[in-house]
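Below you'll find the structure, written out as C-alpha cells, and then a few comments.
The values are calculated or read from the model by the stated rules, or taken from the named source; none is laboratory data. None of these values were measured; they are calculated from a predicted model. Methodologically, a virtual Cβ is constructed for each residue, glycine included, from the backbone with ideal geometry; neighbour enumeration extends over all protein chains shown. To get the accessible areas, we keep the full protein, side chains included, count just its heavy atoms, and leave off ligands, DNA and RNA. Shrake-Rupley method; radii C 1.70, N 1.55, O 1.52, S 1.80 Å.
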Amino acid sequence: MADKRNAVPDTLPILPVRDTVLFPGAILPLTVGRESSLALVSSLVDEDKYLGVVAQLDPRIEDPAAADLHKVGTFAKVHKTVKMPNGNVVIFLEGIQRIQVMELIGLRPFLQAQVEALPDVAGEQDNELEALQRNAQDLFRDVVSRSPQLSDDLQTAASNIDDAGRLTDFVSGNLPSLSTLVRQELLETSNVRKRLETLIRELSKELEVLELRSKIHEQVQEQVSQNQREYLLREQLKAIQKELGEVDDSAQEIDELRKKVEEAQMTAEAKKECDRELKRLAKMTPASAEYMVTRTYLEWMTSLPWSKSSGATEIDIPKAQTILNEDHYDLEKVKERILDYLAVKKLQPGMKGPILCFVGPPGVGKTSLGKSIARALGRKFVRIALGGMHDEAEIRGHRRTYIGALPGQIIQGIKRSETNDPVLMLDEVDKLGRDFRGDPSAALMEVLDPEQNATFRDHYLDVPFDLSKVTFIATANWMDPIPEPLRDRMEIIELPGYTGEEKLHIAHKYLIPKQTTEHGLKIGEQIEFTDAGLQEIIHSFTREAGVRNLEREIGTITRKQARRIAEGKTDKMIVTPEIVREFLGVPKFRAEREIDERTKQPGVSVGLVWTPVGGDIVFIEASRMRGGKSFTKTGHLGEVMQESMTAALTWVRSNAERYGIDPNFFQKHDIHIHVPSGAVQKDGPSAGAAMVTALVSLLTGRPVKNRLAMTGEMTLSGVVLPVGGIKEKVLGAKRAGVKQVLLPADNEPNAKADLPPELLGDLKITYVHTLDEVLEHALEKESVAPPIVPQAAPKQKRAETPRAIH
C-alpha cells in the first residue's frame with residue numbers, strides 16, 4: 001500500500017456492487033454481469049488495472065446513479081479476469097485503500113467519479129487502544145474456534161497483525177455474519193478507535209449467538225445419541241428374541257388392535273381416528289408415556305358396542321305386564337305408561353327411546369322399577385349414581401391431554417352394558433352438585449335431548465357416539481333442584497308413597513319372601529308374619545312413604561328367629577304385635593295417641609305438609625298471655641309461612657265479633673304461634689287454614705275435633721285456595737291415624753283422580769270453600785276453656801246542662 005503505483009488517482013471508474021463491501025487488504029472474487037460493468041472491465045487495458053468499488057444503497061436498482069450509491073468505497077486493483085460461458089466475467093479484486101466519492105463525472109458507458117483517499121485516523125498508540133486491539137483479537141479467536149465456517153488459520157493471521165486499522169479490516173472482511181449495513185458502517189468509519197469499538201460489539205453478539213447455538217446443538221446431539229442408543233439396543237433385543245423364537249409383543253399388540261378396529265364396525269369418523277392413532281402407535285417406542293396413552297385410547301374405542309344391540313326378541317306386551325306386576329305392587333300409572341311405550345315400540349321399532357323421570361320419596365321402588373323395565377324390554381340395565389357429582393367431565397369425560405384421562409360415566413356405562421341400547425338409569429338427578437369445575441346438569445341436557453344425543457361427543461373419545469337407542473330413566477326425590485331446561489327434556493312420572501294396606505300387601509308379597517330367603521328361613525315352616533304383627537311394625541316402628549325401613553325391621557325379626565334356630569329352638573315363630581314389641585323394643589311412633597293428647601286443649605290444630613320423603617302431619621300451637629300488641633312466630637319458619645300467620649291474625653281480628661271474640665283482644669293479650677319441630681325448617685302458604693283454626697280455637701276456648709287435619713291457603717277475604725301435593729298429604733295423614741281431612745274445594749278433582757276409595761279406606765274427606773266452613777267442620781261446639789268475650793262498655797253519667805247566670 002506504500003507503493004506509489006497504488007496511489008489513489010483523482011479520477012476512477014466506479015464499479016457499483018450489490019450487498020458487498022470490499023475492505024482494504026482483502027481479496028474478493030466478484031461476478032460482473034451488468035452491461036455497464038462489463039464495459040468497465042473491458043476498458044481496463046493497462047498492466048495495472050484499478051477501479052473504485054462502491055456498494056449500492058438499494059441492491060434492486062439495475063442502473064444506479066449518484067444518489068443510489070454510498071459515499072465511501074474502496075480503491076481496488078484487478079488481479080485477474082475470467083470469462084464465463086454465460087457471458088459474465090469473474091474478476092479478482094484486492095482492496096487497497098478507502099476512498100470517498102466526491103462527484104460523478106460520467107455515467108456512460110460506465111460510471112466515473114472524482115475521488116479522494118480516506119486515510120485511517122489512528123491517534124496515539126496508548127494503553128486503551130492496545131486493550132481494544134487485544135480484546136478484538138481474543139473475541140475473534142473465540143468466534144473462529146466456535147464457528148464451523150471459519151478456518152483455524154484465521155486465528156494465527158489475526159494474531160500476527162500489529163496495526164489496529166489493518167486488524168479491523170481483516171476481521172471485518174472475514175466475518176460472514178456481519179450484515180451489509182454494519183460492514184458499510186465499518187468501512188465509512190475512518191477513526192480506528194471507534195471502528196474497533198464497533199467491531200468488538202459485533203464480535204460479542206456473534207460469540208453469544210455461537211455459544212447458544214453450540215448449547216442447543218449439544219442438547220440435540222445428546223438426545224439423538226440417547227435415541228440412537230435405545231434404538232440400537234432395541235434392535236439387538238429384537239435380534240436376540242428372533243434367535244430365541246420369541247415374538248415382539250409391541251408388534252403383536254398393534255396387530256391385535258388393528259384387527260379389533262376392523263371388527264368393531266364403528267362409524268367412518270371413528271375408524272379414521274383409530275387408523276390415525278394406529279399409525280402413530282407403530283412409530284412409538286413401547287417405553288414412552290405417549291405409547292400407553294394411545295394404546296389405552298384404542299382399547300376404549302374398540303371395546304365400545306358401536307353396532308352391537310341387545311338382540312331382544314319381539315316385544316311381548318302381556319309378558320312385560322306380567323314382569324312389572326311380579327316386581328312391583330300397585331304403581332298402575334307408571335306401568336300403564338311403560339306398556340304404552342312398549343306397544344309403540346312394537347309397532348315402530350325405529351322410534352327414539354323416551355326419557356322418563358321417576359319422582360317420589362325414598363323407598364317407593366324407583367330404582368327397582370328401572371330394573372323391571374329392562375327385564376320387560378329384554379335389555380341390559382346400567383345404573384349411574386349422580387348424587388354429589390359436581391364435575392362436568394364426569395358426564396362428558398376428560399380430554400386425553402390430562403394424565404389418567406377417562407371417558408365420562410355415560411360412555412363407561414355403555415361399555416359395561418356391552419350393547420348400544422341398554423336401559424340407563426341416572427339415579428338421584430336432583431342431587432347433582434355445581435362448582436368451579438362446571439355444571440353436570442348442563443352436560444346432561446345434550447345427553448337427554450333426543451334431537452342431539454345421536455351425535456353425543458365425549459371429550460375423551462372426541463368422535464360422535466349414537467345414544468338415541470338408549471332408554472334413559474332418571475330418578476329424583478323432588479323436582480325443585482332440577483334446572484328447568486333439564487326438567488323440560490324429561491317426562492315426569494310421580495310415584496307417591498304407600499298406604500298401610502299397600503305396605504301390608506308389599507310385605508307379604510315381596511319383603512318377607514326376600515328377607516326369609518336371605519336369612520335361610522322357610523315361610524310357613526319356621527316363621528310366619530300375621531297381619532296384626534305387620535300393622536304394628538308399619539304404624540308403631542316406621543313412618544315413611546316407602547318400605548325401606550319396613551324391610552329393615554322385618555329383617556331384624558327374621559335374624560332373631562335365625563338365631564333362635566341356631567341355638568336349637570326349632571319351633572315355628574308366629575310374629576304377633578307382642579313378638580314385634582319384644583324384638584324391636586319400645587314403639588318409635590305413636591301418632592294416634594299424640595293427636596288425641598295434643599288436640600284436647602284449645603289452640604292446637606293439625607296441618608298437612610309435603611316433604612321429599614312423603615306427606616306428614618304438623619301441629620300448629622297458639623297461646624296467649626297478658627300484654628298487648630305483640631305477635632310472636634317460632635318454629636324455624638320461612639318468610640311465606642310467617643306472612644300466612646300474619647294474614648291469619650288479621651282475618652281473626654277482622655271477624656272476631658262473628659265468633660263471640662272480643663275485637664280488642666290484641667290490645668290486651670300477646671299472641672304466640674309455634675310450629676314444632678323447631679329444628680326443621682318449614683315454609684309455604686298451605687297451613688293458612690290450620691293457623692286460623694288454631695287462633696279461633698284459642699280465643700273461643702273450643703278445641704279442634706279429634707283426629708282431624710286440614711290443608712289450604714287462605715286469603716284475607718276468607719277464601720280457601722287450592723294447594724299442591726294432595727295425594728302425599730292425605731296418605732301422610734292416613735299413616736298418622738287421622739280420620740277426617742279438610743281440603744280446598746278446588747282440589748276435589750285431584751283428590752278423586754289420585755285417591756280411589758280403596759286407598760282411602762275409612763278416611764273421610766270434606767271439601768271447603770271458605771274459612772267459615774273450615775271452622776264449622778273443625779271446631780267442637782262447646783268450649784272447654786274460658787273464651788275472650790267482648791266486655792260491656794261502662795255506663796257514662798249524663799252531663800248536666802249548664803244554666804245561664806244573669
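List of remarks:
- Solvent-accessible area per residue for the chain (1.4 angstrom probe, square angstrom): 52
- 222 nm mean residue ellipticity, helices alone, for the chain (DSSP H n ≥ 4; -39,500 (n - 2.57); rounded to 500): -13000 deg cm²/dmol
- P(r) tail fraction, region 579-683 - alpha-carbon pairs more than 24 Å apart, %: 38
- Region 380-436: C-alpha gyration tensor shape, a/c 1.5 cut-off, then a/b vs b/c: oblate
- Antiparallel bridges, percent of DSSP beta bridges restricted to the chain (to nearest 5): 55
- Region 568-667: trypsin sites (Lys or Arg not before Pro) falling in loop per DSSP and having at most 13 other Cβ within 10 Å: K569, K572, K588, K600, K629
- Distant-in-sequence amide contacts of T770, defined by a placed amide H-H separation under 5 Å and a gap of 5 or more residues or a different chain, comprise V720.
- For region 61-77, putting each phi into the Karplus relation 6.51 cos²θ - 1.76 cosθ + 1.60 with θ = phi - 60° gives couplings of 6, 7, 10, x, 10, 5, 6, 9, 10, 5, 7, 10, x, 9, 6, 9, 10 Hz, in residue order, rounded to whole numbers and with x for Gly and Pro.
- Annotation: Y498 carries an accessible surface of approximately 10 Å², with a 1.4 Å probe and no ligand, DNA or RNA atoms counted.
- Contact order relative to length of the chain, as percent, for alpha carbon pairs under 8 angstrom and 6 or more apart: 7
- Percent carbon-and-sulfur accessible area, region 586-695, ignoring ligands, DNA and RNA, probe 1.4 Å: 49
- Residues K705, K682, K71, sorted by accessible area with the largest first, give K71, K705, K682 [1.4 Å probe; ligands and nucleic acids excluded].
- Three-way shape label, region 1-95, alpha-carbon gyration tensor, a/c 1.5: oblate
- Solvent-accessible surface (1.4 angstrom probe) belonging to K415, in square angstrom, nearest 10: 80
- Amide H within-cut-off set for I96, under 5 Å, with H built and near neighbours excluded: G25, F75, A76, K77
- Charge dipole (region 432-521, unit charges on Cβ, about Cα centre) - positive-most of T471, T455, G497: G497
- Note, ³J(HN,Hα) from phi for region 212-218, Karplus 6.51, -1.76, 1.60, rounded to Hz, x at Gly and Pro: 5, 4, 5, 5, 4, 4, 5
- For region 707-761, size of Cβ-based charge dipole, Lys and Arg +1, Asp and Glu -1, in debye: 300
- Beta bridges by DSSP in region 519-637, antiparallel share as percent, to the nearest 5: 65
- Overall, the ratio between the Cα radius of gyration of region 153-269 and 2.2 N^0.38 Å, rounded to two decimals, is 2.19.
- Inverting the pair-averaged 1/r between distinct Cα atoms of the chain gives 37.8 Å as its Kirkwood hydrodynamic radius.
- Tensor-based shape of region 63-163 (alpha-carbon gyration tensor, a/c under 1.5 rounded, otherwise prolate or oblate): oblate
- Note on K572/A679: beta-carbon distance plugged into 1/(1 + (r/R0)^6) with R0 of 45 Å gives a FRET efficiency of 0.50.
- Note on region 715-756 and region 488-534: Cα centroid distance 27 Å, given to the nearest whole angstrom.
- ³J(HN,Hα) computed for each position of region 400-415 - Karplus, 6.51 cos²θ - 1.76 cosθ + 1.60, integer Hz, glycine/proline x: 5, 5, 8, 5, x, 5, 9, x, x, 4, 5, 5, 4, x, 4, 5
- Put simply, the amide H of V575, placed in the peptide plane, has neighbours under 5 Å in E528, F529, T530, leaving out anything fewer than 5 places away on its chain.
- Qualifying GluC sites (Glu not before Pro) in region 76-146, where qualification requires a DSSP coil assignment and no more than 10 other C-beta atoms within 10 Å, comprise E124.
- Under 22 Å from K271, Cα to Cα: lysines that are on another chain or at least 8 residues apart: K259, K260, K279, K283, K308, K415, K469
- Between I315, L304, L244, the Cα set farthest toward the positive side of the dipole of region 196-316 (charges on each charged residue's Cβ, about the Cα centre) is that of L244.
- Between R146 and E451, full extension at 0.36 nm per residue minus the direct alpha carbon distance yields a gain of 103.1 nm.
- Gyration tensor over the Cα atoms of region 431-530: the corresponding equivalent ellipsoid has semi-axes (square roots of 5 times the eigenvalues, largest first) of 42, 18, 14 Å.
- Each peptide in 57-68, 450-461 receives the mean, over its residues, of other Cβ atoms within 10 Å, and ordering these scores from highest gives 450-461, 57-68.
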